[in-house]
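J.: Just dropping this structure here.
The values are calculated or read from the model by the stated rules, or taken from the named source; none is laboratory data. Source: prediction; values computed, not measured. Methodologically, a virtual Cβ is constructed for each residue, glycine included, from the backbone with ideal geometry; neighbour enumeration extends over all protein chains shown. Please note that ligands, DNA and RNA were not included when accessible areas were found on the heavy atoms of the full protein model with its side chains. Shrake-Rupley method; radii C 1.70, N 1.55, O 1.52, S 1.80 Å.
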Amino acid sequence: MTERQTPSGPPPGFDEQLQAWHKAVAGVFARVDRKDVGDVPLDSWKRLVTTTYDGIDVNPLYTRADELPESAEPGSFPYTRAADLKPLETAGWGVRETFTAKGSNTAVLGALTNGTTDLRFDLRDGVDASDLKSALAGVIPELAPLIVDAGAQTAAAAEALFAIADTASDQEAVHLELGAAPLTGFEEGSEVSLEDALELAVAASKRPGDVRALLVDGVAFGNLGAGDAQEIGYSLAVAVEYLRALTGAGLSVDEAVAQISFRLSATDDQFATIAKFRAARQLWARVVEVSGGSTAEDTPFNAVTAPVMFSRRDPWVNMLRCTVAAFGAGVGGATSVEISPFDAAVVGGQPGVSRAFAARIARNTNLLLLEESHLGMVADPAGGSFYVEKFTDELSDVAWSTFTSLESDGGFSAGRDSVFAAIAETYEARRADIAHRRTSITAINEFPNLAEAPLPVEARPHGQSVLRWAADFEELRDRSDDFLAEKGSRPQIALIPLGPLAKHNVRTGFATNLLASGGIEAINPGQVTPGTDEFTKSVSTPVVVLCGADSEYAASGEEAVRAARAAGATEVLVAGSPRPFTEATDSPDGHLTMTINAVEELSRLLDTLGA
């Protein structure tokens, strides 16, 4: 193990600079809170601290005060900074792409010609393992890693891949991943049994080249809503259970390690994704070391853009999410990065979009990062960042605690119920944040595009195998689409803007955005005044929302409530807090604020509107 270098400490004048920053932040909060700056404490910056779902505090600023001892250089144990140092001609990560085997040979050869390096085949939708031979016709097996996700067909798929690998002129250069994941196939019958997987691993260990039978599929935890530390910790627990089973089947520790690969999800939280891959690699190296092995650096840590982050509405935004996720995984040192097509959450793909186009965009996103941004040319480009180093360290601690706690309960299989319960708790916490719009999802609970063409019913995913973050809001949008198909228009709510544009614009914008996230169209007539014909005409829907500044509510809000009801409104809501109406005799029926559970309120409004 390479010795760590001790930090040299902050430079002269550092404390004074940090104090100046604290004062500057206090000054900003003084203006926001309308207080004298002397009444605002210097530790107000702590109000900017956010906490991840793993309980890790993220500061607004990282400085030399957060500096940690320098990690071992890239390619050195425990491989936090990189598993190895590659020559420039092979620098970077593998560009992985998934195909369904039947009839995919043309697409496979085209992908290899245009930059794909790793070929993954999904055999779960009725495609037979025997189709692999035709799918790989013309492919030189020693030049492209071959991966399968075959579920119950894993043994048959392995036999087909072995036959293809036997044709290689350099069999030592062959890389196969058979994808057996018996412990993370949470749907009954979806995976090969552990006994069959072990038999396959023993056979694979005797073959030339790098042939790995078992997959530690962290994405399966991510799809249920796991946090980053949970995904790492539970993946380690699965890997250790595989190690024990493999050595129990007669393999040495290093032979067992050589049968394992990891797959982790990469989200659009770029720093969390960078830290995830660094932490996972480091902790696995520690596990292998304690187990008596010496080849942890060879274990692949493959990334896939997290299925949970994909939105079905305005799926073009997924291109941005995938770019950030791939960036994070690549910078974090992933062995390969698979970017799913941007419309992966739409059953059958986005209407009017060819599969070739969607695949090309995904592939080219990887290539832009590798070939134009040259990210692969630098080993661990985030290394030395105070934030990334500290985040990696803290994430490692939490993930290790998650792993060891599960181990103390008897390991993964014995503690499955506690695993699912812990993940469910994290999922519900994130779900609540999204519902309350504390967590923003572009095009879903922020900046939704209500004008986009409705998706056909058959394009909606069935079941809950992936607990996507956008699902609750998208269910509301589905109700709106069904209403539109039946009635010829979307559910509508009229806005009642009070005061001039400068005073009502913020809240009319807020209300329009909020309602649109639930599929409700806001009708904005422009400024109206209670007691006028224009006001009466503006009450064009049973539910209306008053929009204005607090000062306008104090001056004419109560009168507007009475006038709206007199004009036929059955429910009068106000965009803003109840404060201006605390002493009103005629109070509104409710308030739309930044803190409401938007999913619950929008669902209620859709019920009221008959959608």
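J.: Considering only DSSP beta bridges with both partners in segment 42-175, what is the antiparallel share in %, to the nearest 5?
T.: Values: 2 of 10 bridges.
Taking every DSSP beta bridge with both residues in segment 42-175, the antiparallel ones total about 20 percent.
J.: Taking the Cα centre of each part, how many Å lie between segment 483-514 and segment 246-297?
T.: So the separation of the two Cα centres works out to 52 Å.
J.: Follow-up question, since we're still on this one. Sort 116-126, 275-285 by packing, meaning the average of other beta carbons within 10 Å per residue, with the highest value first.
T.: On the way: 116-126: 18.7, 275-285: 26.6.
My ranking of the peptides, most packed first, is 275-285, 116-126.
J.: Additional query: Over all directions, what mean area does the Cα convex hull of segment 97-179 project, stated in square nanometres?
T.: Values: hull surface 18.6 nm².
If I average the Cα hull's projected area over directions, I get 4.7 nm².
J.: Keeping all protein chains in position, work out how much accessible area Val457 exposes to a 1.4 Å probe, and write it in Å² to the nearest 10.
T.: That residue has around 90 Å² of solvent-accessible surface.
J.: Relative contact order for segment 427-564 using alpha-carbon pairs under 8 Å, separation at least 6, rounded to a whole percent? Spell out each step's value before the answer.
T.: Working: 182 pairs, mean separation 34.6, N = 138.
After rounding, I find 25 percent.
J.: Provide the per-residue ³J(HN,Hα) series for segment 314-320, in order, calculated from phi with Karplus coefficients 6.51, -1.76, 1.60 and θ = phi - 60°, each as a whole number of Hz, with x at glycine and proline positions.
T.: In residue order, the calculated couplings are 6, x, 4, 5, 4, 4, 5 Hz.
J.: If you stretched the chain out fully between Arg579 and Leu42, how much longer would it get, using 0.36 nm times the residue separation minus the C-alpha to C-alpha distance? List each step's numbers first, then the result.
T.: Working: separation 537, 0.36 × 537 = 193.32 nm, distance 2.96 nm.
Gain on stretching Arg579 to Leu42: 190.4 nm.
J.: In the neighborhood of Leu215, defined by Cβ-to-Cβ distances under 12 Å, what is the net charge if each Lys or Arg adds +1 and each Asp or Glu adds -1? Can you show the working numbers first?
T.: Numbers: positive: Arg120, Arg212, Arg263; negative: Asp149, Glu177, Glu191, Asp217.
It works out to a net charge of -1.
J.: Moving to a separate point now. Relative contact order, percent, of the chain when contacts are C-alpha pairs under 8 Å separated by at least 6 residues? Display every interim value, and only then the final one.
T.: On the way: 1120 pairs, mean separation 68.9, N = 611.
Answer for the chain is 11 percent.
J.: Hey, another quick one. So which GluC sites (Glu not before Pro) in segment 1-100 are both in a DSSP loop and have at most 13 other Cβ atoms within 10 Å of their Cβ? Before the final figure, lay out the partial values.
T.: Details: sites: Glu3, Glu16, Glu67, Glu70, Glu89, Glu97; in loops: Glu3, Glu67, Glu70.
For GluC sites (Glu not before Pro) across segment 1-100 that sit outside H, G, I, E and B with at most 13 neighbouring Cβ atoms in 10 Å, the list reads Glu3.
J.: How much net charge surrounds Ser354 when only other residues with a Cβ under 12 Å from its Cβ are counted (Lys, Arg +1; Asp, Glu -1)? Kindly include the intermediate steps, with their values, before the conclusion.
T.: On the way: positive: Arg355, Arg360; negative: Asp343.
Net charge around Ser354: +1.
J.: To continue, here is another question. Keeping the other protein chains in place, figure out the carbon and sulfur percent of the accessible area of segment 6-142, with a 1.4 Å probe. Don't skip to the answer; put the middle values down first.
T.: Numbers: 4010 of 7610 Å².
Within segment 6-142, the accessible surface is 53 percent carbon and sulfur.
J.: Set the Förster radius R0 to 30 Å, insert the Cβ-Cβ distance between Ser130 and Val457 as r into 1/(1 + (r/R0)^6), and round the FRET efficiency to 0.05.
T.: Working: r = 34 Å, r/R0 = 1.14.
Efficiency for this residue pair is about 0.30.
J.: To continue, here is another question. At 7 Å along Cα-to-Cβ for each site, give me the label-to-label distance between Ser252 and Ala424 in nm.
T.: Computed distance between label sites Ser252 and Ala424 equals 4.5 nm.
J.: In sequence order, what are the phi-derived ³J(HN,Hα) couplings for segment 503-518 according to the Karplus relation 6.51 cos²θ - 1.76 cosθ + 1.60 with θ = phi - 60°, rounded to whole Hz, with x for glycine and proline?
T.: Calculated HN-Hα couplings, in order: 9, 9, 4, 4, 7, 5, x, 4, 5, 4, 5, 4, 5, 5, 5, x Hz.
J.: Which angle between 0 and 90 degrees, to the nearest 10, do you get for helix 270-291 versus the longest principal axis of the chain when only C-alpha atoms count?
T.: Helix 270-291 sits at roughly 30 degrees to that axis.
J.: Continuing with the same structure: Taking Cα atoms, how many degrees apart are the long axis of helix 154-165 and the longest axis of the chain, rounded to 10 and kept between 0 and 90?
T.: 60 degrees
J.: Would you pull out the residues with amide H under 5 Å of Ala101's amide H, same chain only if 5 or more places away, H placed 1.01 Å from N?
T.: Asp122
J.: Using the Cα centre as the reference, give the magnitude of the dipole from point charges on the C-beta atoms of the chain (Lys, Arg: +1; Asp, Glu: -1; all else neutral), rounded to the nearest 20 debye. Don't jump to the answer; show the numbers that get you there.
T.: Values: 49 positive and 86 negative charges, 284 e Å.
Dipole about the Cα centre, nearest 20: 1360 debye.
J.: Output the antiparallel fraction of DSSP beta bridges having both residues in the chain, as a percent to the nearest 5.
T.: On the way: 2 of 46 bridges.
Here the antiparallel bridges make up roughly 5 percent for the chain.
J.: How large a share of the accessible area of segment 255-335, in percent, is made up of carbon and sulfur atoms when the probe is 1.4 Å and the other protein chains stay in place? Each step should come with its number before you reach the end.
T.: On the way: 1140 of 1980 Å².
Roughly 57 percent, rounded to a whole number.
J.: Around Pro341, what is the net charge, scoring Lys/Arg as +1 and Asp/Glu as -1 over all other residues with Cβ under 12 Å from its Cβ?
T.: Values: positive: Arg355, Arg360, Arg363; negative: Glu97, Glu338, Asp343.
Net charge around Pro341: 0.
J.: Using 0.36 nm per residue of separation minus the Cα-Cα distance, give me the extension gain between Glu159 and Gln492 in nm, one decimal. Provide the component values of the computation, followed by the final result.
T.: Details: separation 333, 0.36 × 333 = 119.88 nm, distance 5.87 nm.
Stretched out fully, the Glu159 to Gln492 stretch lengthens by 114.0 nm.
J.: Given H placed 1.01 Å from N in the peptide plane, which residues other than close sequence neighbours of Glu446 have an amide H under 5 Å from its amide H?
T.: Sorted by chain and number, the residues that satisfy this are Ile441.
J.: Enter the Cα centre distance for the pair segment 74-120 and segment 533-611, rounded to the nearest angstrom.
T.: If you average the Cα positions of each part, the centres end up 56 Å apart.
J.: Another question, then. Rg/Rh for segment 427-500: what does it come to with C-alpha atoms and Rh from Kirkwood?
T.: 1.03
J.: Take the alpha-carbon centre of segment 141-172, take the same for segment 385-458, and report the distance between them in whole Å.
T.: For segment 141-172 versus segment 385-458, the Cα centre distance is 34 Å.
J.: With all protein chains present, how much of the accessible area of segment 402-544 (probe radius 1.4 Å) comes from carbon and sulfur, to the nearest whole percent?
T.: Details: 3420 of 6540 Å².
Result for segment 402-544: 52 percent of the exposed heavy-atom area is carbon or sulfur.
J.: Could you work out how far helix 386-408 tilts from the main Cα principal axis of the chain, as a 0 to 90 degree angle to the nearest 10?
T.: Tilt relative to the chain: about 70 degrees.
J.: Continuing with this model, one more query. Taking only protein heavy atoms and a 1.4 Å probe, what accessible area per residue, in Å², does the chain have with all protein chains in place?
T.: Details: 26320 Å² over 611 residues.
In whole numbers, the chain has 43 Å² accessible per residue.
J.: In sequence order, what are the phi-derived ³J(HN,Hα) couplings for segment 258-265 according to the Karplus relation 6.51 cos²θ - 1.76 cosθ + 1.60 with θ = phi - 60°, rounded to whole Hz, with x for glycine and proline?
T.: For segment 258-265, the Karplus-derived couplings read 6, 9, 10, 10, 10, 9, 10, 8 Hz, x marking Gly and Pro.
J.: Using only the alpha-carbon atoms, what does the chain span along each of its principal axes? Please give whole angstrom values in decreasing order.
T.: Per principal axis, max minus min of the Cα coordinates gives 87, 67, 48 Å.
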